[in-house]
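This report refers to the structure that appears directly beneath it.
The values are calculated or read from the model by the stated rules, or taken from the named source; none is laboratory data. Being a predicted model, the structure only gives us computed values, none of them experimental. All Cβ positions, glycine included, derive from the backbone under ideal geometry; neighbour counts span all protein chains shown.
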Amino acid sequence: MSLDRKIKIAPSILSADFANFGQEIQAIEAQGADWVHVDVMDGHFVPNLTFGPQAVKAFRPHVKTVMDVHLMISPVDSYIDAYGDAGADVLTAHIEAGPHIHRTLQAIRAAGMKAGVALNPGTPAESVAHLLDLTDLICVMTVNPGFGGQKFIDMTGKVRQLRQMIGDRPVHIEIDGGVDPKTAPLVAEAGADVLVAGSAVFKGGSVTTPEVYGENIRLIRDAAQGHWA
Ligand code: DX5
Ligand code: ZN
């Protein structure tokens with residue numbers, strides 16, 4: 001199976017207007033977003049709270065590309081079917097969220113979704129060595145999860161290591177946190193193909209000035225592609 005390794009920009013709607021998700025999603029897609037990144041936080045695994053499966057289900061009809069749902073919740077397994085029902089295309093769980101990530105990834109695929117595994121900055125690449133055939137995406141956190149707008153933590157060494165471990169398996173490497181036109185080339189050059197960006201996409205724009213989103217997306221993509229061999 002071949003995998004699309006072109007750079008994909010996935011705006012995080014954590015930085016969108018929370019009273020206007022439908023129009024915000026439509027605006028970023030019209031302005032060139034490849035995927036839509038949806039950050040689910042439970043106030044327990046991370047110190048912030050966003051939305052649950054019912055809200056995600058309401059986003060679904062607005063998303064024409066790929067709905068990429070990042071669960072920052074613990075426990076995960078009891079909610080997998082709800083996010084499948086909500087229409088997630090990719091469902092990503094944190095390896096730190098519980099003792100049975102192997103089972104979690106199996107359950108996500110069994111529910112008909114692509115299975116992602118996310119690694120906090122303190123978690124080494126080796127932790128996914130036995131999960132590579134069970135996962136469709138590895139999300140390398142470049143901030144400690146919980147909030148948008150944090151400073152990028154350099155994880156390029158981890159990305160390079162994962163790229164090697166993955167070999168020719170059809171597994172995406174996603175970067176989440178502090179991605180902007182300055183940091184995007186570093187992670188793209190190291191081997192990432194999905195770049196999540198919240199504040200760097202939404203800053204300065206709105207649904208009434210969506211061309212700002214388009215320009216922000218273009219700046220990140222151009223910066224990343226400039227260093228993409
Ligand atoms: C952080 C979230 C990210 C966040 C990224 O916990 O998982 O997706 O929205 O936001 P920025 O791009 O502003 O760092
Ligand atoms: Zn995220």
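So the values come out like this:
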item	result
Every pair of residues 6+ apart whose Cβ atoms lie under 7 Å, when the first sits in the range 182-203 and is over 24 Å from ALA27 (Cβ atoms) while the second is of a type in the set (Gly, Ala, Ser) and part of a helix (DSSP H, G or I)	PRO185/ALA223; PRO185/ALA224; PRO185/GLY226; ALA188/ALA224
Subset of the range 183-215 that is surrounded by 23 or more Cβ atoms within 10 Å (Cβ to Cβ) and outside any helix (DSSP H, G or I) - its residue that is farthest from ligand 1 (Cβ to nearest atom)	ALA192
In the range 162-182, residue farthest from ligand 1 (Cβ to nearest atom) [restricted to those that are surrounded by fewer than 17 Cβ atoms within 10 Å (Cβ to Cβ) and in a helix (DSSP H, G or I)]	GLN164
Long-range neighbours under 9 Å by Cβ, at least six apart or interchain, first residue among the basic types (Lys, Arg) within the range 129-151, second near ligand 2 (Cβ under 10 Å from one of its atoms) and at pLDDT 95 or above	LYS151/VAL143; LYS151/GLY177
Residue within the range 7-15 that is more than 15 Å from ligand 2 (Cβ to nearest atom) and either farther than 22 Å from VAL143 by Cα or of a type outside the set (A, V, I, L, M) (or both) present	no
Among (1) over 12 Å from the mean Cα position of the chain (by Cα); (2) closer than 26 Å to GLY84 by Cβ; (3) buried (at least 18 other Cβ atoms within 10 Å of the Cβ), the one test that THR123 misses	(3)
ALA223, sole failed condition from (1) surrounded by fewer than 18 Cβ atoms within 10 Å (Cβ to Cβ); (2) more than 10 Å from ligand 1 (Cβ to nearest atom); (3) at pLDDT 95 or above	(1)
Qualifying residues in the range 142-161 (those that are in contact with a strand residue (DSSP E or B) (Cβ under 7 Å, 6 or more places away or on another chain) and near ligand 1 (Cβ under 7 Å from one of its atoms)) - the one nearest to PRO11 (Cα to Cα)	GLY148
Residue in the range 66-73 that is β-branched (Val, Ile, Thr), within 15 Å of ligand 1 (Cβ to nearest atom) and farther than 22 Å from ALA192 by Cβ present	yes
Condition check for ALA88: crowded, with 21+ Cβ neighbours inside 10 Å, in contact (Cβ under 8 Å) with a residue 40 or more places away in the chain and either within 16 Å of ligand 2 (Cβ to nearest atom) or within 25 Å of PHE59 (Cβ to Cβ) (or both)	yes
Test: ALA19 is surrounded by 23 or more Cβ atoms within 10 Å (Cβ to Cβ) and either at pLDDT 95 or above or in contact with a Phe, Trp or Tyr (Cβ under 8 Å, 6 or more places away or on another chain) (or both)	no
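Quick grid of which residues meet (1) at negative phi; (2) more than 15 Å from ligand 2 (Cβ to nearest atom):
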{"position": "ALA115", "(1), (2)": "yes, yes"}
{"position": "PRO124", "(1), (2)": "yes, yes"}
{"position": "ASP136", "(1), (2)": "yes, yes"}
{"position": "GLY146", "(1), (2)": "no, no"}
{"position": "GLY198", "(1), (2)": "yes, no"}
{"position": "PHE202", "(1), (2)": "yes, no"}
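For every residue, the table says whether it meets (1) closer than 16 Å to GLY198 by Cα; (2) away from ligand 1 (no atom under 13 Å from the Cβ).
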site	(1), (2)
LEU3	no, yes
ILE13	yes, no
PHE18	yes, no
ILE25	yes, yes
MET41	yes, no
PRO47	no, no
PHE59	no, yes
